[in-house]
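Bear in mind these aren't lab numbers, they're just calculated from the coordinates by the rules spelled out. Values in this document were obtained by computation on a predicted structure and should not be read as measured data. Cβ placement follows ideal geometry from the backbone for every residue including glycine, while neighbour counts extend to all protein chains displayed.
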Amino acid sequence: MYRNFKVATKSLRHQDLPLCLSGKKLPMLRKDLIVLLRNDSMDLVEIARHLEVPQKDAEDDLKHLIKSLKHANDRLVITPAYCRKCDFEFNKDKLHKPGKCPKCHSTWIQGPLFDIEQKS
Ligand SMILES: [Zn+2]
């Protein structure tokens, strides 16, 4: 009898765990992203941290954002990633931070920065 009681308590405790672990994307994420980047320029790591999503999700959303902003009043400005050691500038089409500098092999890299500004 006592043992049964113990089991019941244990399973109850499990219910306290966060239920939402599915990683389902929230539709308002992109809106938050626009607000975030209007105020400040950020790289992917910072965006993911601010929106509390995985970097992969932040990257997907950025790609969608670039497309959807084409006909809007805002535009996304991308500052390409660069090597902090030798100033080598990476290609603009990569949104995530490169692992290594092809020129000096340094890993001290600043990832691409994203910024939203209003079209004039
Ligand atoms: Zn370098």
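Summary of values
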{"item": "For residue 119, net neighbour charge (Lys/Arg +1, Asp/Glu -1) across residues whose Cβ lies under 15 Å away", "result": "0"}
{"item": "12 Å beta-carbon shell around residue 110, net charge (K/R +1, D/E -1)", "result": "-1"}
{"item": "Convex hull volume per residue in cubic angstrom - Cα atoms of the stretch 27-118", "result": "90 Å³"}
